[in-house]
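I have placed the structure first, in the form of structure tokens, so that the comments after it can refer back to it.
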Amino acid sequence: MELLQKKNILINCTAKAKEEVIREIGQVLCDSGYVEESYIEGMLERENTFSTNIGNGIAIPHGVEAAKSKIKSSGIAVMVFPEGTLWNDEYVKIVIGIAAKGDEHLDILANIADKLSTEQAVATMLHSSADEIHTTFTAK
């Protein structure tokens, strides 16, 4: 299965509560067959113990170690909030939900860090189409 499906890229999202964002992006991963629905609770549990806001306007919600057994296939989903959405005490603009089998999370995180390492890269993505975002994350 492809790591990022175009249908899993939601652009022009409007701000909502962090828990709601995590549930929504987790449901996208579930509906696409990457995870069992119970993985979403693992994502919320991770957020309650350790914030997944990594700075630069990016959050990467993912499940706790115990939820790994609920992952069927590695995959990501992307939500873009041009106006930002409150994540604890700061605003994030790009939320990338991650489900990774085995050690694949390291490669996925490295790819995200590489593609969104600068403020300019994040700003560009805020105005990109779903096709452009898909290309950004899937180009070799």
Original post:
Among the residues of the stretch 94-111, is there at least one that is in a loop (DSSP other than H, G, I, E, B), free of Cβ contacts under 8 Å to residues at least 24 places away in the same chain and of a type in the set (D, E, K, R)?
Top reply: yes
From the option list Leu29, Leu4, single residue qualifying as under 11 Å from the mean Cα position of the chain (by Cα), at pLDDT 95 or above and in a loop (DSSP other than H, G, I, E, B) is Leu4
If you go through His62, His105, the only one that is under 16 Å from Asn8 (Cβ atoms), surrounded by 17 or more Cβ atoms within 10 Å (Cβ to Cβ) and not charged (D, E, K, R) is His62
Residue pairs within 6 Å by beta carbon, gap of at least six or interchain, first lying in the stretch 72-86 and more than 15 Å from Ala59 (Cβ to Cβ), second at pLDDT 95 or above and assigned to a strand (DSSP E or B), listed first then second, are Gly75/Ala99
Subset of the stretch 26-36, residues surrounded by fewer than 17 Cβ atoms within 10 Å (Cβ to Cβ) and either in contact with a Leu (Cβ under 9 Å, 6 or more places away or on another chain) or in contact (Cβ under 8 Å) with a residue 24 or more places away in the chain (or both), comes to Gly33, Glu36
Contact list, first residue from the stretch 1-25 and in contact (Cβ under 8 Å) with a residue 60 or more places away in the chain and surrounded by fewer than 17 Cβ atoms within 10 Å (Cβ to Cβ), second anywhere and among the aliphatic types (A, V, I, L, M) and not in a strand (DSSP E or B), beta-carbon distance below 9 Å, six or more apart or interchain, is Lys6/Ala130; Lys6/Ile133; Ala15/Val21
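The values are calculated or read from the model by the stated rules, or taken from the named source; none is laboratory data. Not measured: the values here are computed from a predicted model. All Cβ positions, even for glycine, are placed from backbone atoms using ideal geometry, and neighbour counts span all protein chains on display.
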